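Presented below is the structure to which this report refers.
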């Protein structure tokens, strides 16, 4: 319509930009990851069970399971520091990989 203006996609662009930065930092740790976006958020998929979300301000990911409460425990990190976030995520990645290797074969 005439005179109608669309809102800028600042959040989505920012979330993708910081997700791309995180992807590059994860690569420094030998972790290959994919970036996808939508609805103002971006996700960095690093491994089965390790998906990092960002809104451009924060990264957050599942850091484990609280058996007592029956729910996941999430970690978060400021998106302004993707290098340190990547180090923390790399630790979780290694834990998940080690757990997978030690799990019994279900085939």
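Quick check on residue 73: is it modelled with pLDDT of 95 or more and closer than 19 Å to residue 98 by Cβ? Give the derivation first.
Details: modelled with pLDDT of 95 or more: yes; closer than 19 Å to residue 98 by Cβ: yes.
Yes.
What number of residues within the stretch 25-43 are surrounded by 16 or more Cβ atoms within 10 Å (Cβ to Cβ) and closer than 14 Å to residue 88 by Cα?
3
What number of residues in the stretch 1-24 are surrounded by 17 or more Cβ atoms within 10 Å (Cβ to Cβ), over 12 Å from the mean Cα position of the chain (by Cα) and at pLDDT 60 or above?
Adding up the residues that qualify gives 1.
Let's see how each residue does on (1) surrounded by fewer than 17 Cβ atoms within 10 Å (Cβ to Cβ); (2) touching a helix residue (DSSP H, G or I) at 6+ places or on another chain (Cβ under 6 Å); (3) modelled with pLDDT under 95:
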{"position": "48", "(1), (2), (3)": "yes, no, yes"}
{"position": "59", "(1), (2), (3)": "no, yes, no"}
{"position": "67", "(1), (2), (3)": "yes, no, no"}
{"position": "81", "(1), (2), (3)": "yes, no, no"}
{"position": "91", "(1), (2), (3)": "yes, no, no"}
{"position": "97", "(1), (2), (3)": "yes, no, yes"}
{"position": "103", "(1), (2), (3)": "yes, no, yes"}
{"position": "107", "(1), (2), (3)": "yes, no, yes"}
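The values are calculated or read from the model by the stated rules, or taken from the named source; none is laboratory data. Just so we're clear, the structure is a prediction, and the values are computed from it rather than from any experiment. Cβ atoms come from the backbone with ideal geometry, glycine included; neighbour counts cover every protein chain shown.
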